[in-house]
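FYI, it's all coordinate maths here, none of it is from the lab. Predicted model, so just to flag it, every value in this text is computed and none were measured. Here Cβ is always computed from backbone atoms with ideal geometry, including for glycine, and neighbour counts include all displayed protein chains.
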């Protein structure tokens with residue numbers, strides 16, 4: 001069993017739709033949770049970073065962490081064609097300013113259709 | 001752009017050969033991590049370097065080795081290349097001991113082993 005499971009999709013939705021992306025994990029030692037966006041032929045870029053359980057909002061993006069269920073989600077409101085990319089969840093035991101080893105999900109390929 | 005640069009951008013090698021990939025970290029960052037991303041998969045942690053010493057390693061064989069230089073740039077060396085080594089190799093830099101949200105990823109080097 002992989003430490004982090006993510007539905008690879010692909011996921012295709014119309015512009016303006018609400019998108020829900022999810023990951024589950026098995027290692028309760030994970031304390032730091034991140035969502036990255038990766039455009040084709042580019043490196044991952046950080047979208048959202050959370051440390052504790054609960055919700056965190058940033059513009060059209062909301063990250064949700066439920067440590068008791070070992071489940072994290074990313075919601076995208078009012079989706080735009082420019083949101084079309086691969087979305088990667090990632091988590092770690094240690095912070096980015098420490099000996100952080102990120103464990104990634106498989107990535108979900110998202111397409112927003114105009 | 002993150003300020004992390006990698007070279008070369010693309011590389012083609014044959015099985016059994018050796019390859020060296022290079023990474024320049026973001027200005028001021030003292031830690032470099034390397035990840036391997038196979039096609040359609042999330043990145044997998046190879047190892048991390050801090051102050052020119054290996055500071056953690058993932059589940060990769062010894063033929064994957066690295067170096068970090070006094071200016072914090074880094075090299076990833078892979079000996080005896082195998083077909084499965086074909087992947088995007090990402091480096092990420094961070095600042096050990098200073099609270100930041102994430103490691104910053106470069107654009108990657110795409111390696112094809114024939």
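How much length is gained on full extension from residue A:3 to residue A:80, taking 0.36 nm per residue of separation minus their Cα-Cα distance? Don't skip to the answer; put the middle values down first.
Working: separation 77, 0.36 × 77 = 27.72 nm, distance 3.10 nm.
Gain in length upon complete extension: 24.6 nm.
Decide, for the protein assembly as shown, between rounded, prolate and oblate: order the square roots of the alpha carbon gyration tensor eigenvalues as a ≥ b ≥ c, take rounded if a/c falls under 1.5, and otherwise choose prolate if a/b is larger than b/c, else oblate.
The shape class here is prolate.
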For the residue B:38, residue A:52 Cβ pair and Förster radius 30 Å, calculated FRET efficiency rounded to 0.05 is 0.40
Mean separation of Cα contacts under 8 Å (at least 6 apart) over the residue count of chain B, i.e. the relative contact order in percent, is 37
One finds the C-alpha centres of the stretch B:1-24 and the stretch B:84-111 to be spaced, in Å, by 12
Residues of the stretch B:1-37 with backbone N under 17 Å of the label point set 7 Å from the Cα of residue B:54 along Cα→Cβ are B:19-21, B:32-36
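Please order A:7, B:85 by the number of other Cβ within 10 Å, starting at the fewest. Don't jump to the answer; show the numbers that get you there.
Details: A:7 14, B:85 19.
Ordered from fewest to most neighbouring Cβ atoms within 10 Å, A:7, B:85 come out as A:7, B:85.
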For chain A the mean separation of alpha carbon contacts under 8 Å (6+ apart) over residue count, i.e. relative contact order in percent, is 37
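Cα gyration tensor of the stretch A:1-102, axes a ≥ b ≥ c as square roots of the eigenvalues: rounded (a/c below 1.5), prolate (a/b > b/c) or oblate? Walk me through the intermediate numbers first.
Values: a/c = 1.68, a/b = 1.54, b/c = 1.09.
Note, shape of the stretch A:1-102 comes out prolate.
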A chain fully extended from residue A:28 to residue A:66 at 0.36 nm per residue, minus the present Cα-Cα distance, gains in nm 12.6 nm
